[in-house]
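Bear in mind that the values in this text are calculations on the coordinates, not laboratory data. In this text the structure is predicted, and so the values were computed from the model without any measurement. Here the Cβ positions follow ideal geometry from the backbone for every residue, glycine too, while neighbour counts run over all protein chains shown.
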Amino acid sequence: MSLAVANDAAAQTMTAGVVMEKMEGRDRYTYVAGIVEGLAHARFVKDAKDTQGRACIYTWFYNDKATIQKIYEAFERYPGTLPGAIVGALAATKCGV
């Protein structure tokens with residue numbers, strides 16, 4: 001049985017550089033939104049189900065239209081870094097840890 005891969009990003013270590021180079025815009029946004037969802041949920045659990053930190057992360061990402069561009073700029077600046085580490089660091093500057 002053979003496995004077909006739609007694009008070669010899936011076959012590589014998913015660094016920020018791979019995300020920027022190999023993913024199309026809508027796929028890249030969806031990928032980053034998935035990271036944000038994971039961070040928001042982890043924050044909710046860490047905060048013993050207090051929703052304030054989670055809400056801050058959602059507001060930072062979904063309501064501030066400049067956030068996605070800042071994330072992409074950081075991905076380009078640190079292409080060898082894992083995307084989750086970059087998004088997490090940027091979210092922490094706005095919402096704490």
**Asked** Give me the pairs: first residue in the stretch 31-57 and without any contact (Cβ under 8 Å) to a residue 24 or more places away in the chain, second residue outside any helix (DSSP H, G or I), beta-carbon distance under 7 Å, and six or more apart or on different chains, which are they?
**Response** 44/51
**Complete:** Quick count over the stretch 63-81, residues being in contact (Cβ under 8 Å) with a residue 24 or more places away in the chain and surrounded by fewer than 16 Cβ atoms within 10 Å (Cβ to Cβ), is 4
**Message:** Can you tell me which of (1) surrounded by fewer than 18 Cβ atoms within 10 Å (Cβ to Cβ); (2) within 18 Å of residue 31 (Cα to Cα); (3) of a type outside the set (Lys, Arg) is the one residue 96 doesn't meet?
**Reply:** (2)
**Request:** Search the stretch 47-62 for residues being of a type in the set (Gly, Ala, Ser) and out of contact with any Asp or Glu (no Cβ under 6 Å at 6 or more places or on another chain), and hand back the single one that is surrounded by the fewest Cβ atoms within 10 Å (Cβ to Cβ).
**Result:** 48
